[in-house]
Amino acid sequence: MSTLTAPSTIANHPPTAELQARDAAHHMHPFTANADLAAKGARIIVRADGVRLTDSDGAEMIDAMAGLWCVNIGYGRNELAEAAARQMRELPYYNTFFQTSHVPAIALAEKLAALAPGDLNHVFFASGGSEANDTNIRLVRHYWARKGKPEKRVIISRRLGYHGSSMGSASLGGMAAMHAQGGMPIPDIVHIDPPYWYLEGGDMTPEDFGIARARQLEAKIAELGADRVGAFIAEPVQGAGGVIIPPESYWPEIKRICAEHDILLIADEVITGFGRLGHWFGSEAYGIQPHIMTIAKGLSSGYAPIGGSIVCDEVAEVIGGDEFNHGYTYSGHPVAAAVALENLRILEEERIIDRVRTDTAPYLAQAWATLADHPLVGEAVSRGMMASMALTPDKGARARFASEPGTVGQICRDRCFANNLVMRHVADRMIIAPPLVITPADIDAVISRARKALDEAHAIVTERGLMQAAA
Ligand SMILES: *Cc1c(COP(=O)(O)O)cnc(C)c1O
(Lines give C-alpha, C1' and ligand atoms only; values in the text may rest on other atoms or scores of the structure.)
Protein backbone atom coordinates (compact mmCIF):
# COMPACT_ATOMS: atom_id res chain seq x y z
CA MET A 1 0.00 0.00 0.00
CA SER A 2 1.35 3.39 -0.87
CA THR A 3 1.42 5.94 1.89
CA LEU A 4 -0.28 9.25 1.71
CA THR A 5 1.83 12.25 2.58
CA ALA A 6 -0.19 15.03 4.16
CA PRO A 7 -1.07 17.51 1.45
CA SER A 8 -0.37 21.13 2.29
CA THR A 9 -2.33 22.55 -0.63
CA ILE A 10 -5.16 21.21 -2.74
CA ALA A 11 -2.76 21.19 -5.68
CA ASN A 12 -0.57 18.41 -4.30
CA HIS A 13 -2.96 15.75 -3.02
CA PRO A 14 -3.76 12.64 -5.04
CA PRO A 15 -6.71 12.87 -7.43
CA THR A 16 -10.19 12.62 -5.91
CA ALA A 17 -11.00 9.27 -7.51
CA GLU A 18 -7.88 7.70 -6.04
CA LEU A 19 -8.61 9.08 -2.58
CA GLN A 20 -12.19 7.82 -2.81
CA ALA A 21 -11.06 4.32 -3.79
CA ARG A 22 -8.58 4.15 -0.90
CA ASP A 23 -11.19 5.52 1.48
CA ALA A 24 -13.69 2.89 0.37
CA ALA A 25 -11.11 0.11 0.66
CA HIS A 26 -10.12 0.78 4.27
CA HIS A 27 -12.21 3.36 6.04
CA MET A 28 -15.43 2.42 7.84
CA HIS A 29 -17.52 5.59 8.14
CA PRO A 30 -19.83 6.30 11.09
CA PHE A 31 -23.59 6.33 10.45
CA THR A 32 -23.00 5.28 6.84
CA ALA A 33 -23.97 2.39 4.56
CA ASN A 34 -20.38 1.82 3.52
CA ALA A 35 -21.15 -0.27 0.41
CA ASP A 36 -23.37 2.53 -0.81
CA LEU A 37 -20.72 5.14 -0.14
CA ALA A 38 -18.08 3.02 -1.88
CA ALA A 39 -20.20 3.02 -5.02
CA LYS A 40 -20.66 6.80 -4.89
CA GLY A 41 -17.35 7.96 -3.44
CA ALA A 42 -17.00 10.19 -0.40
CA ARG A 43 -16.75 13.93 -0.72
CA ILE A 44 -13.27 14.72 0.49
CA ILE A 45 -12.74 17.92 2.41
CA VAL A 46 -9.21 19.22 2.21
CA ARG A 47 -9.30 22.55 4.02
CA ALA A 48 -11.51 25.14 5.63
CA ASP A 49 -11.52 28.77 6.62
CA GLY A 50 -14.15 30.77 8.47
CA VAL A 51 -17.50 29.24 7.48
CA ARG A 52 -16.22 27.74 4.22
CA LEU A 53 -14.96 24.27 3.28
CA THR A 54 -12.95 23.36 0.20
CA ASP A 55 -13.19 19.86 -1.29
CA SER A 56 -10.62 17.88 -3.25
CA ASP A 57 -12.03 19.16 -6.54
CA GLY A 58 -11.63 22.75 -5.39
CA ALA A 59 -15.34 23.40 -4.81
CA GLU A 60 -16.05 25.85 -2.00
CA MET A 61 -19.06 25.27 0.24
CA ILE A 62 -20.68 27.17 3.08
CA ASP A 63 -20.72 24.83 6.07
CA ALA A 64 -24.07 25.67 7.63
CA MET A 65 -23.66 22.71 10.05
CA ALA A 66 -20.37 23.89 11.62
CA GLY A 67 -18.98 20.41 11.01
CA LEU A 68 -21.11 18.39 13.38
CA TRP A 69 -22.54 21.36 15.30
CA CYS A 70 -19.15 22.05 16.81
CA VAL A 71 -16.99 24.61 14.99
CA ASN A 72 -18.44 27.53 16.95
CA ILE A 73 -15.59 29.99 16.33
CA GLY A 74 -15.22 28.98 12.67
CA TYR A 75 -12.35 27.26 10.88
CA GLY A 76 -8.80 28.44 10.50
CA ARG A 77 -8.05 30.07 13.86
CA ASN A 78 -4.30 29.95 14.13
CA GLU A 79 -4.37 30.74 17.85
CA LEU A 80 -5.73 27.27 18.56
CA ALA A 81 -3.04 25.61 16.46
CA GLU A 82 -0.44 27.60 18.40
CA ALA A 83 -1.97 26.65 21.74
CA ALA A 84 -1.89 22.97 20.76
CA ALA A 85 1.72 23.15 19.54
CA ARG A 86 2.86 25.00 22.65
CA GLN A 87 1.20 22.46 24.95
CA MET A 88 2.50 19.49 22.96
CA ARG A 89 6.05 20.74 23.35
CA GLU A 90 5.68 21.47 27.05
CA LEU A 91 3.61 18.49 28.25
CA PRO A 92 1.93 16.47 25.50
CA TYR A 93 0.29 14.06 27.88
CA TYR A 94 -0.14 13.30 31.47
CA ASN A 95 -3.06 11.69 33.26
CA THR A 96 -5.21 12.97 36.08
CA PHE A 97 -5.53 9.61 37.86
CA PHE A 98 -3.52 8.66 40.98
CA GLN A 99 -3.50 12.04 42.70
CA THR A 100 -1.86 13.99 39.87
CA SER A 101 -2.97 17.03 37.90
CA HIS A 102 -1.64 19.47 35.35
CA VAL A 103 -2.02 23.15 34.51
CA PRO A 104 -4.37 22.94 31.48
CA ALA A 105 -6.90 20.70 33.27
CA ILE A 106 -6.80 22.89 36.38
CA ALA A 107 -7.26 26.09 34.40
CA LEU A 108 -10.04 24.69 32.22
CA ALA A 109 -12.03 23.22 35.13
CA GLU A 110 -11.77 26.55 36.94
CA LYS A 111 -12.84 28.50 33.84
CA LEU A 112 -15.84 26.21 33.23
CA ALA A 113 -16.92 26.53 36.86
CA ALA A 114 -16.84 30.31 36.46
CA LEU A 115 -18.84 30.23 33.22
CA ALA A 116 -21.48 27.66 34.20
CA PRO A 117 -24.57 28.98 35.98
CA GLY A 118 -25.22 28.66 39.72
CA ASP A 119 -23.33 26.05 41.70
CA LEU A 120 -22.17 23.96 38.72
CA ASN A 121 -18.62 24.18 40.01
CA HIS A 122 -16.98 20.80 39.34
CA VAL A 123 -15.85 19.20 36.10
CA PHE A 124 -15.27 15.54 35.22
CA PHE A 125 -13.50 15.42 31.84
CA ALA A 126 -14.05 13.05 28.93
CA SER A 127 -13.05 13.02 25.26
CA GLY A 128 -16.51 13.79 23.91
CA GLY A 129 -20.22 13.84 24.61
CA SER A 130 -20.82 10.08 24.53
CA GLU A 131 -18.22 9.41 27.18
CA ALA A 132 -19.49 12.29 29.29
CA ASN A 133 -23.04 10.93 29.23
CA ASP A 134 -21.75 7.49 30.22
CA THR A 135 -20.10 9.25 33.13
CA ASN A 136 -23.43 10.86 33.96
CA ILE A 137 -25.25 7.52 34.18
CA ARG A 138 -22.70 6.33 36.71
CA LEU A 139 -22.60 9.65 38.56
CA VAL A 140 -26.36 9.65 39.03
CA ARG A 141 -26.60 6.04 40.17
CA HIS A 142 -23.59 6.31 42.46
CA TYR A 143 -24.90 9.56 43.90
CA TRP A 144 -28.22 8.01 44.90
CA ALA A 145 -26.52 4.86 46.18
CA ARG A 146 -24.34 6.97 48.44
CA LYS A 147 -27.44 8.80 49.66
CA GLY A 148 -28.85 5.41 50.73
CA LYS A 149 -31.25 5.14 47.77
CA PRO A 150 -29.61 2.64 45.39
CA GLU A 151 -32.99 1.85 43.88
CA LYS A 152 -33.20 5.37 42.36
CA ARG A 153 -31.48 4.00 39.24
CA VAL A 154 -33.87 4.78 36.42
CA ILE A 155 -33.00 7.63 34.08
CA ILE A 156 -35.81 9.08 32.00
CA SER A 157 -34.98 10.42 28.57
CA ARG A 158 -36.83 11.26 25.36
CA ARG A 159 -37.63 9.70 22.02
CA LEU A 160 -35.57 11.45 19.29
CA GLY A 161 -33.10 12.62 21.93
CA TYR A 162 -29.44 12.25 20.98
CA HIS A 163 -26.89 11.71 23.73
CA GLY A 164 -24.11 9.86 21.92
CA SER A 165 -23.23 6.53 20.39
CA SER A 166 -21.69 4.41 23.15
CA MET A 167 -23.89 1.74 24.79
CA GLY A 168 -24.83 3.96 27.70
CA SER A 169 -25.25 7.23 25.85
CA ALA A 170 -27.11 5.66 22.91
CA SER A 171 -29.43 4.02 25.44
CA LEU A 172 -30.13 7.45 26.88
CA GLY A 173 -30.77 8.61 23.33
CA GLY A 174 -34.14 7.92 21.83
CA MET A 175 -33.16 6.87 18.32
CA ALA A 176 -35.02 3.70 17.33
CA ALA A 177 -32.59 2.91 14.51
CA MET A 178 -29.68 2.93 16.97
CA HIS A 179 -31.51 0.82 19.56
CA ALA A 180 -32.27 -1.72 16.84
CA GLN A 181 -28.58 -2.65 16.54
CA GLY A 182 -26.60 -4.09 19.44
CA GLY A 183 -29.10 -4.64 22.23
CA MET A 184 -30.15 -1.27 23.56
CA PRO A 185 -31.36 0.37 25.65
CA ILE A 186 -29.45 -0.98 28.63
CA PRO A 187 -31.67 -1.64 31.68
CA ASP A 188 -33.32 1.11 33.69
CA ILE A 189 -33.44 3.76 31.00
CA VAL A 190 -36.93 4.70 29.83
CA HIS A 191 -38.18 7.20 27.29
CA ILE A 192 -41.02 9.69 27.02
CA ASP A 193 -42.17 11.64 23.96
CA PRO A 194 -40.48 14.85 22.77
CA PRO A 195 -42.19 18.27 22.61
CA TYR A 196 -42.36 18.00 18.82
CA TRP A 197 -45.42 20.14 18.15
CA TYR A 198 -45.17 20.38 14.36
CA LEU A 199 -45.52 16.64 13.68
CA GLU A 200 -47.12 15.40 16.88
CA GLY A 201 -49.11 18.32 18.29
CA GLY A 202 -52.34 17.58 16.45
CA ASP A 203 -55.01 20.18 17.21
CA MET A 204 -53.41 21.44 20.41
CA THR A 205 -51.83 24.86 20.68
CA PRO A 206 -48.04 24.69 21.00
CA GLU A 207 -48.25 25.95 24.60
CA ASP A 208 -50.85 23.35 25.67
CA PHE A 209 -48.87 20.67 23.89
CA GLY A 210 -45.65 21.73 25.67
CA ILE A 211 -47.38 21.27 29.04
CA ALA A 212 -48.86 17.94 27.99
CA ARG A 213 -45.51 16.56 26.87
CA ALA A 214 -43.78 17.79 30.06
CA ARG A 215 -46.46 16.06 32.12
CA GLN A 216 -45.52 12.75 30.50
CA LEU A 217 -42.46 13.02 32.76
CA GLU A 218 -44.69 13.33 35.82
CA ALA A 219 -46.84 10.42 34.64
CA LYS A 220 -43.76 8.26 34.07
CA ILE A 221 -42.41 9.10 37.53
CA ALA A 222 -45.79 8.16 39.02
CA GLU A 223 -45.84 4.91 37.07
CA LEU A 224 -42.33 3.88 38.18
CA GLY A 225 -42.40 5.49 41.62
CA ALA A 226 -40.24 8.50 42.46
CA ASP A 227 -38.16 6.22 44.69
CA ARG A 228 -36.93 4.46 41.54
CA VAL A 229 -36.20 7.48 39.32
CA GLY A 230 -32.77 9.11 39.62
CA ALA A 231 -32.66 11.64 36.82
CA PHE A 232 -34.18 13.15 33.71
CA ILE A 233 -31.83 13.99 30.83
CA ALA A 234 -32.67 16.28 27.91
CA GLU A 235 -31.14 18.63 25.39
CA PRO A 236 -32.45 22.20 25.86
CA VAL A 237 -33.20 22.13 22.10
CA GLN A 238 -33.12 18.66 20.53
CA GLY A 239 -30.41 18.71 17.86
CA ALA A 240 -29.93 15.47 15.95
CA GLY A 241 -33.63 14.69 16.41
CA GLY A 242 -34.30 17.54 13.96
CA VAL A 243 -33.72 20.83 15.80
CA ILE A 244 -36.94 20.41 17.76
CA ILE A 245 -37.51 23.71 19.54
CA PRO A 246 -39.75 23.18 22.56
CA PRO A 247 -42.80 25.40 23.15
CA GLU A 248 -42.07 28.07 25.80
CA SER A 249 -44.33 26.26 28.27
CA TYR A 250 -42.23 23.08 28.26
CA TRP A 251 -39.12 23.81 30.31
CA PRO A 252 -40.79 25.62 33.23
CA GLU A 253 -43.06 22.60 33.68
CA ILE A 254 -40.12 20.13 33.49
CA LYS A 255 -38.30 22.23 36.07
CA ARG A 256 -41.30 22.08 38.44
CA ILE A 257 -41.68 18.31 38.03
CA CYS A 258 -38.00 17.51 38.68
CA ALA A 259 -37.99 19.70 41.79
CA GLU A 260 -41.24 18.27 43.20
CA HIS A 261 -40.19 14.64 42.78
CA ASP A 262 -36.55 14.93 43.84
CA ILE A 263 -35.19 13.97 40.41
CA LEU A 264 -31.78 15.17 39.19
CA LEU A 265 -31.92 17.21 35.99
CA ILE A 266 -29.18 16.62 33.43
CA ALA A 267 -29.01 19.19 30.63
CA ASP A 268 -27.17 17.76 27.64
CA GLU A 269 -25.51 20.98 26.44
CA VAL A 270 -23.21 19.30 23.92
CA ILE A 271 -24.78 21.35 21.11
CA THR A 272 -26.45 24.18 23.03
CA GLY A 273 -23.40 25.02 25.14
CA PHE A 274 -20.78 27.64 24.29
CA GLY A 275 -22.97 30.18 22.62
CA ARG A 276 -25.24 28.36 20.21
CA LEU A 277 -28.42 29.82 21.75
CA GLY A 278 -26.90 33.26 22.37
CA HIS A 279 -25.91 32.40 25.95
CA TRP A 280 -22.96 30.46 27.30
CA PHE A 281 -25.38 27.59 27.94
CA GLY A 282 -28.82 26.70 26.62
CA SER A 283 -29.98 26.23 30.20
CA GLU A 284 -29.64 29.99 30.66
CA ALA A 285 -31.69 30.64 27.54
CA TYR A 286 -34.49 28.54 29.06
CA GLY A 287 -34.04 29.60 32.70
CA ILE A 288 -33.17 26.16 34.04
CA GLN A 289 -30.58 25.22 36.65
CA PRO A 290 -29.56 21.60 36.04
CA HIS A 291 -27.64 19.47 38.54
CA ILE A 292 -25.34 18.17 35.78
CA MET A 293 -24.48 19.51 32.33
CA THR A 294 -22.95 17.48 29.52
CA ILE A 295 -20.47 19.45 27.42
CA ALA A 296 -18.35 18.69 24.32
CA LYS A 297 -18.40 19.96 20.69
CA GLY A 298 -18.25 23.79 21.03
CA LEU A 299 -16.05 23.46 24.13
CA SER A 300 -13.07 23.25 21.77
CA SER A 301 -14.95 24.34 18.62
CA GLY A 302 -14.09 20.84 17.44
CA TYR A 303 -10.38 21.61 17.15
CA ALA A 304 -9.58 18.88 19.70
CA PRO A 305 -11.67 16.03 21.12
CA ILE A 306 -12.80 17.01 24.62
CA GLY A 307 -16.01 16.86 26.64
CA GLY A 308 -17.12 16.51 30.18
CA SER A 309 -19.73 16.75 32.89
CA ILE A 310 -20.15 19.93 34.90
CA VAL A 311 -21.53 18.90 38.28
CA CYS A 312 -23.23 20.91 41.04
CA ASP A 313 -21.76 21.29 44.53
CA GLU A 314 -24.04 18.81 46.24
CA VAL A 315 -23.59 15.97 43.74
CA ALA A 316 -19.81 16.53 43.66
CA GLU A 317 -19.66 16.48 47.44
CA VAL A 318 -21.62 13.24 47.75
CA ILE A 319 -19.60 11.54 44.98
CA GLY A 320 -16.34 12.80 46.44
CA GLY A 321 -16.85 10.97 49.72
CA ASP A 322 -15.31 7.78 48.41
CA GLU A 323 -13.46 6.57 45.32
CA PHE A 324 -15.48 6.96 42.11
CA ASN A 325 -14.27 3.97 40.09
CA HIS A 326 -14.42 5.68 36.75
CA GLY A 327 -12.19 7.65 34.39
CA TYR A 328 -10.71 7.83 30.91
CA THR A 329 -7.06 7.78 29.86
CA TYR A 330 -7.69 11.11 28.17
CA SER A 331 -9.80 12.75 30.91
CA GLY A 332 -8.58 16.36 30.88
CA HIS A 333 -6.02 15.69 28.13
CA PRO A 334 -3.56 18.61 28.35
CA VAL A 335 -3.47 19.42 24.63
CA ALA A 336 -7.26 19.29 24.27
CA ALA A 337 -7.68 21.34 27.46
CA ALA A 338 -5.21 23.98 26.21
CA VAL A 339 -7.10 24.20 22.92
CA ALA A 340 -10.43 24.49 24.75
CA LEU A 341 -9.08 27.29 26.95
CA GLU A 342 -7.94 29.23 23.89
CA ASN A 343 -11.32 28.67 22.27
CA LEU A 344 -13.11 30.01 25.37
CA ARG A 345 -10.79 33.01 25.41
CA ILE A 346 -11.72 33.83 21.82
CA LEU A 347 -15.45 33.34 22.43
CA GLU A 348 -15.23 35.68 25.41
CA GLU A 349 -12.81 38.37 24.24
CA GLU A 350 -14.34 38.71 20.79
CA ARG A 351 -17.82 38.87 22.35
CA ILE A 352 -18.99 36.24 19.86
CA ILE A 353 -21.87 35.04 22.05
CA ASP A 354 -23.15 38.56 22.66
CA ARG A 355 -23.09 39.15 18.92
CA VAL A 356 -25.12 35.98 18.33
CA ARG A 357 -27.74 37.09 20.85
CA THR A 358 -28.09 40.70 19.76
CA ASP A 359 -27.29 40.60 16.02
CA THR A 360 -26.78 37.41 14.06
CA ALA A 361 -29.39 35.14 15.66
CA PRO A 362 -32.17 37.72 15.16
CA TYR A 363 -30.91 38.24 11.60
CA LEU A 364 -30.92 34.48 10.94
CA ALA A 365 -34.40 34.16 12.49
CA GLN A 366 -36.00 36.66 10.12
CA ALA A 367 -34.10 35.46 7.05
CA TRP A 368 -34.80 31.77 7.74
CA ALA A 369 -38.49 32.46 8.41
CA THR A 370 -38.86 33.79 4.84
CA LEU A 371 -38.34 30.21 3.58
CA ALA A 372 -41.73 29.27 5.07
CA ASP A 373 -43.44 30.77 2.01
CA HIS A 374 -41.89 28.08 -0.21
CA PRO A 375 -44.43 25.50 -1.47
CA LEU A 376 -42.35 22.61 -0.09
CA VAL A 377 -41.93 24.12 3.40
CA GLY A 378 -44.41 23.70 6.25
CA GLU A 379 -42.56 25.70 8.90
CA ALA A 380 -39.18 27.41 9.17
CA VAL A 381 -38.12 28.12 12.76
CA SER A 382 -34.96 28.92 14.68
CA ARG A 383 -33.58 29.50 18.13
CA GLY A 384 -30.17 31.15 18.40
CA MET A 385 -27.92 29.59 15.78
CA MET A 386 -30.04 26.46 15.32
CA ALA A 387 -32.69 26.42 12.62
CA SER A 388 -34.94 23.86 11.01
CA MET A 389 -37.67 23.57 8.43
CA ALA A 390 -40.29 20.94 7.84
CA LEU A 391 -40.75 19.75 4.28
CA THR A 392 -44.35 18.85 3.55
CA PRO A 393 -46.63 17.88 0.68
CA ASP A 394 -49.46 19.93 2.26
CA LYS A 395 -48.57 23.08 4.18
CA GLY A 396 -51.97 23.69 5.70
CA ALA A 397 -52.26 20.22 7.21
CA ARG A 398 -48.66 19.90 8.56
CA ALA A 399 -48.74 16.66 6.58
CA ARG A 400 -46.04 14.02 6.33
CA PHE A 401 -45.04 12.57 2.98
CA ALA A 402 -46.42 9.19 1.96
CA SER A 403 -42.90 8.15 0.91
CA GLU A 404 -40.42 6.54 3.34
CA PRO A 405 -39.39 9.28 5.83
CA GLY A 406 -36.18 10.92 4.64
CA THR A 407 -36.78 10.34 0.93
CA VAL A 408 -37.66 13.95 0.25
CA GLY A 409 -35.25 15.24 2.89
CA GLN A 410 -32.38 13.50 1.17
CA ILE A 411 -33.35 14.89 -2.22
CA CYS A 412 -33.32 18.37 -0.71
CA ARG A 413 -30.01 17.73 1.09
CA ASP A 414 -28.42 16.59 -2.17
CA ARG A 415 -29.64 19.73 -3.94
CA CYS A 416 -28.12 21.81 -1.12
CA PHE A 417 -24.77 20.05 -1.62
CA ALA A 418 -25.03 20.59 -5.37
CA ASN A 419 -25.46 24.30 -4.61
CA ASN A 420 -22.41 24.35 -2.33
CA LEU A 421 -24.38 24.51 0.88
CA VAL A 422 -23.90 21.98 3.65
CA MET A 423 -27.31 21.48 5.21
CA ARG A 424 -28.44 18.26 6.89
CA HIS A 425 -31.73 16.39 6.80
CA VAL A 426 -33.36 14.48 9.64
CA ALA A 427 -36.13 12.47 8.03
CA ASP A 428 -37.95 15.17 6.03
CA ARG A 429 -36.76 18.05 8.16
CA MET A 430 -33.86 20.28 7.06
CA ILE A 431 -31.54 21.64 9.72
CA ILE A 432 -28.64 24.06 10.11
CA ALA A 433 -26.36 25.10 12.95
CA PRO A 434 -23.72 27.36 11.38
CA PRO A 435 -20.51 28.59 13.00
CA LEU A 436 -21.38 31.37 15.45
CA VAL A 437 -19.13 33.76 13.51
CA ILE A 438 -21.29 33.63 10.38
CA THR A 439 -21.95 37.14 9.05
CA PRO A 440 -25.28 38.56 7.81
CA ALA A 441 -23.86 38.48 4.25
CA ASP A 442 -23.12 34.76 4.58
CA ILE A 443 -26.54 34.16 6.14
CA ASP A 444 -27.99 35.79 3.01
CA ALA A 445 -25.91 33.38 0.90
CA VAL A 446 -27.21 30.40 2.94
CA ILE A 447 -30.80 31.52 2.40
CA SER A 448 -30.44 32.11 -1.34
CA ARG A 449 -28.69 28.75 -1.87
CA ALA A 450 -31.32 27.04 0.29
CA ARG A 451 -34.12 28.61 -1.73
CA LYS A 452 -32.54 27.46 -4.98
CA ALA A 453 -32.08 23.95 -3.55
CA LEU A 454 -35.72 23.94 -2.42
CA ASP A 455 -36.89 24.96 -5.90
CA GLU A 456 -34.84 22.16 -7.47
CA ALA A 457 -35.98 19.63 -4.88
CA HIS A 458 -39.59 20.68 -5.36
CA ALA A 459 -39.29 20.09 -9.10
CA ILE A 460 -37.75 16.64 -8.58
CA VAL A 461 -40.25 15.64 -5.91
CA THR A 462 -43.16 16.78 -8.08
CA GLU A 463 -41.81 15.00 -11.13
CA ARG A 464 -41.39 11.75 -9.20
CA GLY A 465 -44.94 11.98 -7.90
CA LEU A 466 -43.79 12.33 -4.29
CA MET A 467 -45.94 15.36 -3.34
CA GLN A 468 -48.33 12.92 -1.68
CA ALA A 469 -49.46 13.16 1.94
CA ALA A 470 -49.35 10.05 4.14
CA ALA A 471 -52.79 8.63 4.83
C1 LIG B 1 -22.98 14.98 19.50
C2 LIG B 1 -23.76 14.83 20.74
C3 LIG B 1 -23.39 13.95 21.76
C4 LIG B 1 -22.26 12.98 21.58
O5 LIG B 1 -21.03 13.59 21.53
P6 LIG B 1 -19.77 12.80 20.88
O7 LIG B 1 -18.66 13.79 21.08
O8 LIG B 1 -20.12 12.50 19.46
O9 LIG B 1 -19.56 11.57 21.67
C10 LIG B 1 -24.10 13.96 22.94
N11 LIG B 1 -25.14 14.78 23.11
C12 LIG B 1 -25.55 15.62 22.15
C13 LIG B 1 -26.69 16.54 22.43
C14 LIG B 1 -24.90 15.67 20.93
O15 LIG B 1 -25.33 16.47 19.96
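Rounded to the nearest 5, the antiparallel percentage of DSSP beta bridges internal to the chain is 65%.
The portion of the accessible surface of the chain made up by carbon and sulfur, rounded to a whole percent, is 54 (1.4 Å probe; DNA, RNA and ligands excluded). Placing dummy labels 7 Å off each Cα toward the beta-carbon, the span from Arg43 to Asp23 is 1.0 nm. Protection proxy ranking of 445-456, 201-212, by the mean of other Cβ atoms within 10 Å over each peptide's residues and highest first, is 445-456, 201-212.
Would you please name the trypsin sites (Lys or Arg not before Pro) within the range 105-202 that are DSSP coil residues with at most 14 other C-beta atoms within 10 Å of their C-beta?
Of the trypsin sites (Lys or Arg not before Pro), the ones in loops of the range 105-202 whose Cβ has at most 14 other Cβ atoms within 10 Å are Lys147.
Once fully extended, how much extra length lies between Ala85 and Asp203, figured as 0.36 nm per residue of separation less the alpha-carbon to alpha-carbon distance?
Working: separation 118, 0.36 × 118 = 42.48 nm, distance 5.69 nm.
The span from Ala85 to Asp203 would gain 36.8 nm if fully extended.
Cα centroids of the range 170-238 and the range 83-99: 40 Å apart.
If packing is taken as the average count of other Cβ atoms within 10 Å, what order do 334-345, 66-77 fall into, highest mean first?
Top to bottom by mean Cβ count within 10 Å: 334-345, 66-77.
Estimated from helices alone, the mean residue ellipticity of the chain at 222 nm is -11500 deg cm²/dmol (sum of -39500 (n - 2.57) over DSSP H runs with n ≥ 4, per residue). Return the whole-Å distance between the Cα centroid of the range 128-160 and the Cα centroid of the range 15-54. The distance from the Cα centre of the range 128-160 to that of the range 15-54 comes to 37 Å. Note on the range 310-414: Cα-Cα pairs beyond 21 Å make up 64% of the total pair count. Solvent-accessible surface (1.4 Å probe) assigned to Thr407 amounts to roughly 50 Å². Stokes-Einstein diffusion of the chain at 25 °C, 0.890 mPa s viscosity, Kirkwood radius from Cα pairs, rounded to a whole number: 105 µm²/s. Computed with every protein chain present, the accessible area of Lys395 is close to 80 Å² [probe 1.4 Å]. Taken along its three principal axes, the alpha carbon spread of the range 79-349 comes to 60, 39, 38 Å, from the longest extent down to the shortest.
Taking Cα pairs under 8 Å and at least six residues apart, what relative contact order does the chain come out at, in percent? Display every interim value, and only then the final one.
Values: 936 pairs, mean separation 88.9, N = 471.
Relative contact order, the chain: 19 percent.
Less than 5 angstrom separates the built amide H of Gly307 from those of Ala126, Ser127, Gly128, all sequence-distant by 5 or more or on a different chain. With both labels modelled 7 Å from their Cα along Cα-to-Cβ, the Phe97 to Glu323 distance reads 1.1 nm.
Taking all protein chains together, Trp144, Trp197 sort by accessible area into Trp197, Trp144, largest first [probe 1.4 Å].
Run through the DSSP bridge list for the range 79-349 and note the antiparallel percent, rounded to the nearest 5. List each step's numbers first, then the result.
On the way: 11 of 25 bridges.
Once the DSSP bridges in the range 79-349 are tallied, antiparallel ones form about 45 percent.
Once the chain from Thr32 to Asn12 is taken as fully extended at 0.36 nm per residue, the excess over their C-alpha distance is 4.4 nm.
The values are calculated or read from the model by the stated rules, or taken from the named source; none is laboratory data. For clarity, every value in this text was computed on a predicted model and none was experimentally measured. Glycine gets a Cβ as well: all are built from the backbone with ideal geometry, and neighbour counts include every protein chain shown. The protein model used for the area step is the full one, side chains on, heavy atoms only, and it has no ligands, DNA or RNA in it. Shrake-Rupley method; radii C 1.70, N 1.55, O 1.52, S 1.80 Å.
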